1. Would you please give the residues with an amide H less than 5 Å from that of Asn132, counting only those at least 5 places away or on a separate chain, with H modeled from the backbone geometry?
2. Could you tell me which trypsin sites (Lys or Arg not before Pro) in region 242-324 are loop residues by DSSP with no more than 14 other beta carbons within 10 angstrom of their beta carbon?
3. Can you give the three extents of the C-alpha atoms in region 121-196 along their principal axes, from longest to shortest, in whole Å?
4. Averaging the inverse of every distinct alpha carbon separation and then flipping it gives the Kirkwood radius. What is it for region 149-236, in angstrom units?
5. Quick one: Cα centre-to-centre distance for region 143-184 and region 260-275, in angstrom?
6. His267 to Arg299: extension gain in nm, 0.36 nm per residue of separation minus the Cα-Cα distance?
7. If R0 is 22 Å, what FRET efficiency do you get for Gln258 and Ser201 from their C-beta distance, rounded to 0.05?
8. In what order do Thr265, Thr173, Thr303 fall by count of nearby beta-carbon atoms within 10 Å, going from fewest to most?
Amino acid sequence: MYYIKITTRWSYAIKLTYHFDVILQGGFTLRYSSIRRHLVVVICLLVTSLSASPEQRRGTTVGVEELTRGIPARSGNDLTGSQFVRYVSKMNPQEREQAILEEVSKGNLPEFLRKLVPVELRCESTTGKNLNATIFVTPDYLAIGSDSDFLRIPMNLHTAVTIAERFGFVLPTRKMVDAIYLQSRYRLSPQPLPAGPEMRSTGFYWTHNEMIENQAHAIGARLGELVSGDKKDVVMSNRLATHVGRIAIYGWHRAPDQPIQPLSTVHGANYADYSHGIRLISEWALINGKLEPIHDLLRDPSTARVFSDEGPIHVNWSLLATAPDATAIMAGRGN
């Protein structure tokens, strides 16, 4: 199996991180926690072996504690999925969205979602050289609750990006979604529900989740294995820089190269319905055996093509997480 794992060297990494903490606190506080998390990950992974071949890694579960340290531990007193459904059943969409943000942000998600899975990406660079990359992804879509009682939870773009930023993740590109589907251990069949206003209801969220669970149990899918086909993905796309105030969705594959949902920005950024899922991608990726921040790789024309079929991604995701209107999003273009 393929592991990026801290063992006896963890204490040494903590000591190094402490010295960086002193420097950072003395100089500035802007995004301090995010920078500190980056330093922890870099130091930890630098002292860890990455010698496994892609053949050894493919299809296995990754024990990557370093890449999920930004996710708080779940409390035994946190709501289960079914309890959360009852909790938000009388809320309006805005209140429910706030409840989703609060629950997920404090770490109320199943343990199996903290065990990232490696997914391989390849392309040929503009110079004719092959590029090989590995991204680390959650095995299923974000959910609220425990391993035994959870709800795969749709959310709007602002909530999704806020959670991704807090945890040290990004949303997938269309190319990543395709690769995840191809490399999934279990490919579920899409199960659309009738179109209409109820698509956005908590009742439909729960009904669709039960349909997915029934199908997963029928084929023997195990928690922590890479699963796809159960929902559409909320994705990052350059269209968000030109279609401001919108959410980008893609996927829900019937088969390879057969998504029900082509890349679309028809809905506003505050829109969510039962068919949407949030798949998190670690903000760190391996490219040609070297660990790099995925934001940098997505902006660099020499590396972006391995991660995105749109070329470099020019959207300021930090602004998108907090932007109440299209003006702030447009101001972040090109960053």
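1. Asn288
2. none
3. Between the extreme Cα coordinates on each principal axis of region 121-196 lie 47, 31, 30 Å.
4. 14.4
5. Answer, in whole Å: 14.
6. Working: separation 32, 0.36 × 32 = 11.52 nm, distance 2.55 nm.
Result: 9.0 nm gained on full extension.
7. 0.20
8. Neighbour counts put them in this order, fewest first: Thr265, Thr303, Thr173.
Values quoted throughout were computed directly from the atomic coordinates according to the rules given, and no laboratory measurement underlies them. As the structure is a prediction and not an experimental result, all values here were calculated from the model. All Cβ positions, glycine included, derive from the backbone under ideal geometry; neighbour counts span all protein chains shown.
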